[in-house]
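Everything on this sheet refers to the single structure shown next.
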Amino acid sequence: MKKKIVLAYSGGLDTTVIIPWLKENYDCDIIAVCVDVGQEADWTTIKQRALDTGALACYVADVKKEYVEDYVWPALKANALYEDKYLLGTSTARPLIAKVLVDYARKEKAYAIAHGATGKGNDQVRFDLGIMAFAPDIEIIAPWRTWDIKSREEEIEYLEKRNIPVPMKKKDSYSRDDNLWHISHEGLELEDPANEPSLQGMLKMTVPPEKAPNKAEYVEIEFEKGIPVSVNGKKLDGVSLIKTLNKIGGAHGVGLVDLVENRVVGMKSRGVYETPGGSILYYAHQELEHICLDRQTYAFKQQVSNKLGEVIYGGLWFTPLRESLSAFVDSTQKTVTGKARLKLYKGSISAAGVSSPYSLYNTSIASFTTGELYNHADAKGFIRLYGLPVLVRALMQKRGKGAKAGKITDAKSKGTAG
């Protein structure tokens, strides 16, 4: 029997090229594995394409539920972003895909796992680290790091020379990644940061904001311990909830991000991201946290959120640090229960009311009408103590100026006497 290689297969250009390339360069059988994390895909056609291209077998693993509950929700509860903008769509999916690849490699007794991530990108880091975390004994093959092909145009030429159908149109050769949470776009005009994105011909899930309806739409999200459970009063499972919000948000052009980011490998790259449902959830979740978390917890959680975004982006999901950061986040979410109402209009999201049984907002304290819990006179003593360092410093500076002025006066006096 030939040795086996498990290939992370999407049916796109890169992995369609990799099947014949592996067969030509390795004396092995290729087991294609498609990991369904919610991407819009015709799996029947994709499976047949893998077989027609030379794979011995092709499997589709539906892990959408696991993706949402074990990867998306932890990022959402943390409000984790990368470089203030990116909602970690690809970053959260890659660790799970790596885990699934290892599972199939064990079942098939494969000696290696192959993936189509390029030698310039972040995904090679995420795949490799994910595979290493569960199977340090399995070899990793990344053709983009070893073959002579240098561009997508050369990939297309490679397939055409072998009479293999090209799974894309040449004029639509954006490099895309999509899943339940987002769609990313790279390449073409985006490679020059000076160019405006051609949204009309690029977007798949979201309308350009100027094409959105002229009437605003309100949406209400309910959370239980930081996890969204309903939309507009209707209870939904995680997968259905995100799909529902993607449709609502996409229709109003929300969740578009154009970002020049710092890749893990050290270079800058540019991408346009569509995350309509995710952007709604992040906004709603943060609004709820504003009334449910105390000042110090919220402030420290912001630091944790920033670090967690970096950790997830960098492919370090299966590490003690990520697990510890998520444990802290989980502890903050015990009271993040309630409803947030938002207004969507032509690409914008704004708050339209928030409520929670655990709200720390107290009307009798916050109102301009003085209540029993707050005495205005107490503020004077508080400010005196709170500002004591300011007062002490000011007194020190005053003494210093006085001493300096005294020395100048003495010098003048001595000069006059002489």
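The values are calculated or read from the model by the stated rules, or taken from the named source; none is laboratory data. Because the structure is predicted, anything quoted here is derived from the model rather than measured. A quick note on method: Cβ atoms are made from the backbone with ideal geometry, for glycine too, and the neighbour counts reach across all protein chains shown. SASA here: full protein model, heavy atoms, side chains in, ligands and nucleic acids out. Shrake-Rupley method; radii C 1.70, N 1.55, O 1.52, S 1.80 Å.
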Note to self: Given an 8 Å cut-off on Cα distances and at least 6 residues of separation, report the relative contact order of the chain as a percent.
What the structure shows: 16 percent
Item checked: Inter-probe distance in nm under a simple model that places probes 7 Å from Cα toward Cβ, at E83 and A57 -> 4.1 nm
Margin query: For a protection proxy built on the mean count of beta-carbon atoms within 10 angstrom, sort 173-185, 350-362 highest first, please.
Written below: 173-185, 350-362
Notebook entry, point to check: Tell me, Kirkwood radius of the range 144-232 from alpha-carbon pair distances, in Å?
Noted result: 17.2 Å
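With +1 assigned to the C-beta of every Lys and Arg and -1 to the C-beta of every Asp and Glu, and no other charges, what is the dipole magnitude of the range 1-122 about the Cα centre in debye, to the nearest 20?
360 debye
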Margin query: Rounding to the nearest 10 and keeping the result within 0 to 90°, find how far the Cα-based axis of helix 238-251 lies from the longest principal axis of the chain.
Written below: 80 degrees
Item checked: Local electrostatic count at Y386 - Lys and Arg +1, Asp and Glu -1, tallied over other residues with Cβ under 15 Å -> +3
Next item on the list: Take peptides 9-22, 376-389, 89-102, 56-69 and line them up by average Cβ neighbours within 10 Å, highest first, as a rough protection proxy.
Entry: 89-102, 9-22, 56-69, 376-389
Item checked: For A117, net neighbour charge (Lys/Arg +1, Asp/Glu -1) across residues whose Cβ lies under 15 Å away -> +1
Note to self: Once you keep just the Cα pairs under 8 angstrom separated by 6 or more residues, what percentage relative contact order results for the range 173-273?
What the structure shows: 29 percent
Item checked: When the convex hull of its Cα atoms is projected in every direction, mean area for the range 175-271 (nm²) -> 8.0 nm²
Next item on the list: Could you provide, to the nearest whole Å², the per residue accessible area of the range 192-343 with probe 1.4 Å?
Entry: 46 Å²
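Compute, for the chain, the length of the dipole vector about the Cα centre, with Cβ point charges of +1 (Lys, Arg) and -1 (Asp, Glu) only. Units Debye, rounded to 20.
2040 debye
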Margin query: Probe of 1.4 angstrom, ligands and nucleic acids ignored: what's the accessible area per residue over the range 16-56, in square angstrom?
Written below: 42 Å²
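Hey, what did the range 149-200 get for relative contact order, percent, Cα under 8 Å, at least 6 apart?
18 percent
Count charges around D62 for me, please; just the other residues with Cβ under 15 Å from its Cβ, Lys/Arg as +1, Asp/Glu as -1.
-3
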Next item on the list: At 20 °C and 1.002 mPa s, grab the translational diffusion coefficient of the chain from Stokes-Einstein with a Kirkwood Rh over Cα pairs, rounded to a whole number in µm² per second.
Entry: 87 µm²/s
Notebook entry, point to check: Which of the residue pairs K4/K120; K268/K301; K4/K47; K64/K120 have a Cα-Cα distance greater than 23 Å in the structure shown?
Noted result: K4/K120; K268/K301; K64/K120
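For the chain, give the percent of accessible area contributed by carbon and sulfur heavy atoms, probe 1.4 Å, rounded to a whole number.
Here carbon and sulfur together make up 53 percent of the probe-accessible area.
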Item checked: Distance (nanometres) between label positions extended 7 Å along Cα→Cβ at A379 and K215 -> 4.5 nm
